[in-house]
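Input: a single structure, listed below in structure tokens.
The values are calculated or read from the model by the stated rules, or taken from the named source; none is laboratory data. Predicted model, so just to flag it, every value in this text is computed and none were measured. We place every Cβ from the backbone using ideal geometry, glycine too, and count neighbours over all the protein chains shown. Ligands, DNA and RNA are excluded from the accessible area calculation, which covers all protein heavy atoms including side chains. Shrake-Rupley method; radii C 1.70, N 1.55, O 1.52, S 1.80 Å.
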Amino acid sequence: MNEPAAQAAGSHDKVIGDVMLDVNAITLRFGGVVALNNISFNVRKHEILAIIGPNGAGKTSMLNVINGFYHPQEGEITFKGNVRSQMRPHIAASQGIARTFQNVALFKGMSTLDNIMSGRLMKMKRNFLWQALHFGPARKEELEHRAFVEKIIDFLEIQSIRKTPVGRLPYGLQKRVELGRALAMEPELLLLDEPMAGMNTEEKEDMCRFILDVNDEFGTTICLIEHDMGVVMDISDRVVVLDYGRKIGDGTPNEVRNNQEVIDAYLGVSHD
Amino acid sequence: MELLQALFVSPFMDMWNEPAFFIETFTKGLLTGVLYSLVALGFVLIFKASGVFNFAQGVMALFAALTLVGLLEFMQGKDMTANHLVGMTVVAAVVAIGMLGLKKVNKISSVQAPYALLGFCAVVGFAWILRTIGLPNYILIPFAIVGTIITMIALAYLIEIAVLRPLVNQELIILFMSTLGLAYVLEGVGDLLWGSDVKILDIGLPTDIYIAEFPFGDVYIEQLDMVAAVVAAAMVIILAIFFNKTRIGRALRAVADDHQAAMSVGIPLKTIWVIVWSVAGIVAMVAGVMWGSSSGVQFSLSLIALKALPVLILGGFTSIPGAIVGGLIIGVSEKLAEVFWYDLHGGAIENWFAYFVALAFLLFRPQGLFGEKIIERI
Amino acid sequence: MFYRESGQFKSSYAKDQAIFPIRQDQIAIVLILAVAFLVVPWFVNDYWSKSVLQPFLVFSIAAIGLNILVGYCGQISLGTGGFMAVGAYASYKIMTSFPDMPIVLVIILSGFCAAGVGILFGLPSLRIKGFYLAVATLASQFFLIWMFNKVPWFHNYTMSQITVPPREFLGVTVTSSSAGPAAQYLFCLGFVVVGAWLAKNLVRGRTGRSWMAIRDMDIAAELIGIRPLQTKLLAFAISSFYIGISGALIFCVYLGTVEASEAFDINQSFLVLFMIIIGGLGSILGSFLGAGFMILMPIVLKNIMVGSFGMAAVTAKHIEISLMGVLIVFFLIVEPHGFARLWQILKEKLRLWPFPY
């Protein structure tokens, strides 16, 4: 599949660095339901890691734990050397973790530009009194960030919808704007929750290209959930497989492809 | 120190020293609480079925009580209301016939609106006949109640057609605001129809005081309160059974969960709405009658809706048991605070105290009385 | 034809970010301000100033304040009347305690008092949302009004009614009954213009974006680094600041004598809420349009019914209430997003007129 994506994956020779995020023995329960059972894996700097697994395997819960939205009962997470077991999402955001969502979570009442600008909120320092005057430093700051955001808009090729309220955009473009908002945060770790769900082949190819470019040009580490096996096998450096809250596979796409347990749980059984 | 004493010591000492008075206050609180439950139930039903936070509930109670008194006085032969009433009925009839005519010609008008208006006209017409015959009260009162119920059902039809249907799928706040508009309309129309003077509502409920004798003293309870509590409790039980056990109840719960899914399995959304609003109207009538019997029918009656709101945040907007238990909690705590902590605040706290009880409760249990812990998903 | 932006190219982000990016808008706003400041004061008489212009101006400020909270931050509040009362009573206490303080400072300080109270009553917004919060804000409405009536310190141990002492601004009396209509009008207008300008800047910058993010999807907002606590409380504070200023102006300028339970009762809260819903949630312009509509409509209705048809005042009042309700429902059905949206649609049409294809 995806010719351009495959080529791009082959062309960039990248250096995968040290461990950036270490997930250690995470267990998450909702009442009696065990959503995640003793999960450990790590994400290395500059790699693209895919988390796959059947529906209800706990993939999204895993992302929610990483950026602090769910608080696991056991285990700890080490991000860039800081160990933590519980934290608020906005602190995760300030440490450099950004994400997109399975069901697009854009701010529907705002324009594309404002949505992406909202990704810059943490970088903007002037308080509300300066902004009320819209004068001097606050204005300068606003314009600097606008310039940065315009770069992202150019990168994602969404110049023409800059001022359109995102509620009016088609699904594929909304996904792109959401990626833009995450990129505006200049994250070190980017979590993508099914970035290609519900897209047609062309849109998927575009999205693959953006993901690879982000990884390549900005050096952003990416952790993504995806159901399209072709895409996963093509663009990811490593694959973690979850099934009913357990980890059943971890390795390069080829290793995972040949792992008997994975084939049983996922590729063989649920997709025949 | 003195403050702590007034806050934590002396009220409880008062309660301990005068058990009869404590029981009396407590009972009065419970009996008032039942009425709060009833009004809150009206809110809950409508919110569950149509997602509308119906701020007009209180004015509906006023409107129902006004209609009941107005019909009764009209049939008893008083002239005051006759002029308004006849005028308005003629208008209603003309509008209804006009709409029917339009429907015949153009097929544009909806079906039920004219019939709802004609239903009201029929009620007034029948009342007119009874008025000319001249009958004793014990015949007129049941008719006035039935007439009011018919009027409230007609009202539910009109609301469904004029407000709910055009606003379907709008944001919740828009629907909420539309019920505020509705409250203005009902208030104005009620006053136009029946006049805005304070009316005495007497439908033969007992007004004596019941004395319960205990070894530690006598407890005085107003019989009207007891009747109100019994009627309200009966209504609450009937409604709970109706919405949990019957076919319509199941349809209602389906509608509450997801409008479109309910429609896709063939549940008639509009009918459900009319039923729910009719029931809410009848609930409002009962509350209005009970309240109006003790303090007269006047504008302040519409404020009882505000008393039910803290019950809603305490018990949850969608929980029937929450409304019942919440109403009792609010009723009792309000009466106790009003009576035993009087020195601390100097009275007139009933407007806001209940809100603070509810808020304090929510601080410890954000999901409300019977709500389940919410797992947020994204 | 006249409303065109073609040919107006923006060569910098600064120009694109300006408050009125389109030249026709710039001209229109300058014209409106010129008329409001230079022409109207010459012609305004007592009736127009007291019955139309002053209520319109002071309620515009309240509407802007509530719009910040409800329209931009998505937190429904029914406690507007209570916060207005805080502004009014704060200004009364400050004026009587410090007689030499300039009136403008008094009113701004009253705004700060209201902001403080607003933060306090905004605290529940952290645990509860939506209608639960709306109902909870009623607590502030009822409690504050009760407090101002009950605690004699607030009305200086007199009757619960408070009356404003005369105060001057730039040598002209602006408060109490001895003030002239033009002076009072201009005084209010000044607050409105500055307030609207500051609010517009706030909502189009970082603060406004974080409010709208909380409004549109609070979970996602938190995940991009917005702190819900601070953002919501800031909205409560600024909103209450505006509402407090409006309350102070209602007391000092518009009414002169108020009693908490009458001037600031729950109907006032609903009135302001109607203004922003009919005007348009999340729009500063909408706040003005809504305030104008809700102030003018009863006056017009009353004039038509009593003046033209010669109805009895009581009947006319009842009909007026019903018609208000009918009109509110009507407007919600016709355009749930308010006048601001109608204006926007009109603008889009005008851009293409007369060749829409």
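Please give me the summed charge of the neighbours of residue A:195: other residues whose Cβ is under 14 Å from its Cβ, Lys and Arg +1, Asp and Glu -1. Could you put the intermediate results ahead of the total?
On the way: positive: A:59, A:99, A:175, A:176, A:181, A:204, A:209; negative: A:178, A:193, A:194, A:203, A:205, A:206, A:213, A:226, A:228, A:234.
Its environment carries a net charge of -3.
Could you run the Karplus curve 6.51 cos²θ - 1.76 cosθ + 1.60 with θ = phi - 60° over region A:197-213 and give me ³J(HN,Hα) per residue in whole Hz, x for Gly and Pro?
5, x, 9, 8, 4, 4, 4, 5, 4, 4, 4, 4, 4, 4, 5, 5, 5
Need one value: the accessible area of residue B:213 in square angstrom, 1.4 angstrom probe, rounded to the nearest 10.
The accessible area of residue B:213 comes to roughly 150 Å².
So what J values fall out for region C:113-118 if you push phi through Karplus, 6.51 cos²θ - 1.76 cosθ + 1.60 with θ = phi - 60°, rounded to Hz, Gly and Pro as x?
4, 4, 4, x, 4, x
Other chains' Cβ within 10 Å of B:307-313 residues: what's the mean? Show your work: numbers first, answer last.
Values: counts 0, 1, 7, 4, 1, 3, 10.
That works out to 4 on average.
Using amide H atoms built 1.01 Å from N in the peptide plane, name the residues 5+ places from residue B:53, or on other chains, whose amide H lies under 5 Å from its own.
Residues meeting the amide H criterion: B:176.
Under a crude label model (7 Å from the Cα following the beta-carbon direction), how far is residue C:194 from residue A:201 in nanometres?
6.5
Kindly write out, for region C:251-257 in residue order, the coupling ³J(HN,Hα) from the Karplus curve 6.51 cos²θ - 1.76 cosθ + 1.60 (θ = phi - 60°), rounded to whole Hz, with x marking Gly and Pro.
Per-residue couplings from phi come out as 6, 6, 10, 6, 9, x, 9 Hz.
With every protein chain present, what accessible area does residue C:232 have (1.4 Å probe, heavy atoms only), rounded to the nearest 10 Å²?
10
Which lysines have a Cα less than 21 Å from the Cα of residue B:199, not counting those fewer than 8 places away in the same chain?
B:78, C:317
Rounded to the nearest 500 deg cm²/dmol, what is the calculated helix-only ellipticity per residue at 222 nm for chain A, with -39500 (n - 2.57) per DSSP H run of length n ≥ 4? It would help to have the intermediate numbers written out before the result.
Details: 10 runs with 96 residues, N = 272.
It lands at -10000 deg cm²/dmol.
Which of the residues in region C:308-347 show a loss of at least 40 Å² in accessible area from their chain by itself to the complete set of protein chains, at a probe of 1.4 Å?
Residues shielded by partner chains are C:318, C:321, C:322, C:329, C:332, C:333, C:336.
Going by a 1.4 Å probe on protein heavy atoms, which residues of region C:274-289 end up with at least 20 Å² less accessible surface in the whole assembly than in their chain alone?
Going by heavy-atom accessible area, the residues of region C:274-289 that drop by at least 20 Å² are C:274, C:277, C:281.
Put a dot 7 Å past each Cα toward the Cβ at residue C:153 and residue B:216; how far apart are the dots in nm?
The modelled label-to-label distance comes out at 3.8 nm.
Please give the solvent-accessible surface of residue B:353 in Å², to the nearest 10, using a probe radius of 1.4 Å with every protein chain present.
Number for this one is 50 Å².
So with the 1.4 Å probe, I'd like the accessible area per residue for region A:108-186, rounded to whole Å².
Details: 3320 Å² over 79 residues.
Spelled out: the 1.4 Å probe surface of region A:108-186, per residue, equals 42 Å².
Any idea what log10 I(q)/I(0) is at q = 0.07, 0.10 Å⁻¹ for the protein assembly as shown, Debye with uniform C-alpha scatterers and no solvent?
Debye output, listed in q order: -0.73, -1.33.
Starting from the Cα-Cα distance between residue A:24 and residue A:254, subtract it from 0.36 nm times their residue separation and give me the gain in nm to one decimal.
80.4 nm
Show me you know the interface measure: the accessible area buried between C and A, both chains summed, probe 1.4 Å, in Å² to the nearest 100.
Numbers: alone 18430 and 12900 Å², together 28160 Å².
Using a 1.4 Å probe on protein heavy atoms, the buried area is about 3200 Å².
Would you mind giving the average projected area, over all directions, of the Cα convex hull of chain C in nm² with one decimal?
Values: hull surface 84.9 nm².
About 21.2 nm², averaged over all directions.
What ranking of C:155, A:46, A:227 comes out by heavy-atom accessible area, probe 1.4 Å, highest first?
Details: C:155 10, A:46 40, A:227 60 Å².
Per-residue accessible area, sorted high to low, gives A:227, A:46, C:155.
How would B:245, B:199, B:307 rank on accessible area, largest to smallest, probe 1.4 Å?
Order by accessible area, largest first: B:245, B:307, B:199.
Return the long-range amide H neighbours of residue B:222 (sequence gap of 5 or more, or a different chain), with a cut-off of under 5 Å between placed amide H atoms.
Amide H neighbours of residue B:222, under 5 Å, 5+ apart: B:210.
Kindly point out which whole DSSP H helices in chain B project their C-alpha atoms 27 angstrom or further along the helix axis while averaging a Kyte-Doolittle hydropathy of 0.5 or above. Kindly include the intermediate steps, with their values, before the conclusion.
Numbers: long enough: B:19-50 (45 Å, 1.40); B:57-76 (28 Å, 1.51); B:80-106 (40 Å, 1.24); B:112-133 (32 Å, 1.40); B:137-159 (32 Å, 2.07); B:172-194 (32 Å, 1.68); B:223-245 (32 Å, 1.90); B:269-295 (38 Å, 1.48); B:320-340 (30 Å, 1.41).
Within chain B the helices that satisfy the rule are B:19-50, B:57-76, B:80-106, B:112-133, B:137-159, B:172-194, B:223-245, B:269-295, B:320-340.
Past 27 Å, Cα to Cα: identify those pairs from A:45/A:247; A:163/C:349; A:59/A:123, in the order given. Mind showing how you got there, number by number?
Values: A:45/A:247 21 Å; A:163/C:349 17 Å; A:59/A:123 29 Å.
From A:45/A:247; A:163/C:349; A:59/A:123, over 27 Å: A:59/A:123.
With each run of n ≥ 4 DSSP H residues scored as -39500 (n - 2.57), what mean residue ellipticity at 222 nm is computed for chain B after dividing by its residue count and rounding to the nearest 500 deg cm²/dmol? Don't skip to the end; give the middle numbers.
Values: 15 runs with 271 residues, N = 378.
Per the formula, -24500 deg cm²/dmol.
If you count only protein heavy atoms with a 1.4 Å probe, what accessible area per residue comes out for region C:46-264, rounded to a whole Å²? Don't skip to the end; give the middle numbers.
Values: 6990 Å² over 219 residues.
That works out to 32 Å² for each residue.
Which residues' amide hydrogens lie under 5 Å from the amide hydrogen of residue A:35, considering only partners 5 or more residues apart or on another chain, with H built in the peptide plane?
The list, which skips near neighbours in sequence, is A:28, A:29, A:30.
Kindly rank C:45-58, B:324-337 from highest to lowest mean number of other beta carbons found within 10 Å of each residue. Could you put the intermediate results ahead of the total?
Working: C:45-58: 18.4, B:324-337: 23.1.
Sorting C:45-58, B:324-337 by mean packing, highest first, produces B:324-337, C:45-58.
Which value, in debye to the nearest 20, gives the size of the charge dipole of region C:46-264 about its Cα centre, when Lys and Arg are +1 and Asp and Glu are -1 at the Cβ?
On the way: 13 positive and 8 negative charges, 121 e Å.
For region C:46-264, the charge dipole is close to 580 debye.
Using Cα pairs closer than 8 Å and at least 6 residues apart in sequence, work out the relative contact order for chain A, in percent. List each step's numbers first, then the result.
Details: 464 pairs, mean separation 75.9, N = 272.
Reported as a whole number, the value is 28 percent.
For chain B, with every protein chain kept in place, what is the accessible area per residue (1.4 Å probe, Å²)?
Numbers: 16910 Å² over 378 residues.
The answer is 45 Å² per residue.
Evaluate 2.2 N^0.38 Å with N set to the residue count of region A:108-186, then give the Cα radius of gyration divided by it.
Compared with the compact-globule rule of thumb, region A:108-186 sits at 1.11.
Within region A:108-186, what whole-number % of the accessible surface is contributed by carbon and sulfur, with the 1.4 Å probe and all protein chains included in the calculation?
C and S atoms contribute 57 percent here.
Which links in C:50/C:93; C:93/C:150; A:151/C:347; A:151/C:15; A:108/A:140; B:28/B:48 stretch past 20 Å when you go from one Cα to the other? Walk me through the intermediate numbers first.
On the way: C:50/C:93 24 Å; C:93/C:150 15 Å; A:151/C:347 30 Å; A:151/C:15 18 Å; A:108/A:140 27 Å; B:28/B:48 30 Å.
As for pairs spanning more than 20 Å Cα to Cα, those are C:50/C:93; A:151/C:347; A:108/A:140; B:28/B:48.
Can you send over the carbon and sulfur percentage of the accessible area for chain C, probe radius 1.4 Å, protein chains only? Intermediate values should be presented prior to the final figure.
Numbers: 10310 of 14820 Å².
Carbon plus sulfur share of accessible area: 70 percent.
Heavy atoms only, 1.4 Å probe, whole protein assembly: order A:34, A:166, C:104 by accessible area, highest first. Spell out each step's value before the answer.
Details: A:34 65, A:166 0, C:104 45 Å².
Result, largest first: A:34, C:104, A:166.
How many angstrom lie between the Cα centre of region C:126-148 and the Cα centre of region C:249-296?
So the two Cα centres are separated by 18 Å.
Counting only DSSP beta bridges with both residues in chain A, tell me the antiparallel percent, nearest 5.
Numbers: 22 of 38 bridges.
In chain A, DSSP labels about 60 percent of beta bridges as antiparallel.
For region C:1-138, calculate the relative contact order in percent as a whole number, restricting contacts to Cα pairs under 8 Å that are 6 or more residues apart. If you can, show how the numbers build up before the last one.
Details: 66 pairs, mean separation 29.2, N = 138.
Relative contact order comes out at 21 percent.
Carbon and sulfur atoms: what percent of the 1.4 Å accessible area of chain B do they account for?
67
Aspartates and glutamates near residue A:125 by alpha-carbon distance under 18 Å, same-chain residues fewer than 8 away left out - which ones?
Hits, sequence-local ones excluded: A:114, A:141, A:142, A:144, A:186, C:222.
Total accessible area buried between chains C and B, 1.4 Å probe, in Å² to the nearest 100? The partial results should precede the final answer.
Values: alone 18430 and 19080 Å², together 33530 Å².
Looking at C and B, the buried total is near 4000 Å².
Which residues of region A:43-92 show a drop of at least 30 Å² in accessible area when all protein chains are present, compared with their chain alone (probe radius 1.4 Å, heavy atoms only, ligands and nucleic acids excluded)?
Residues losing area: A:69, A:70, A:89, A:90.
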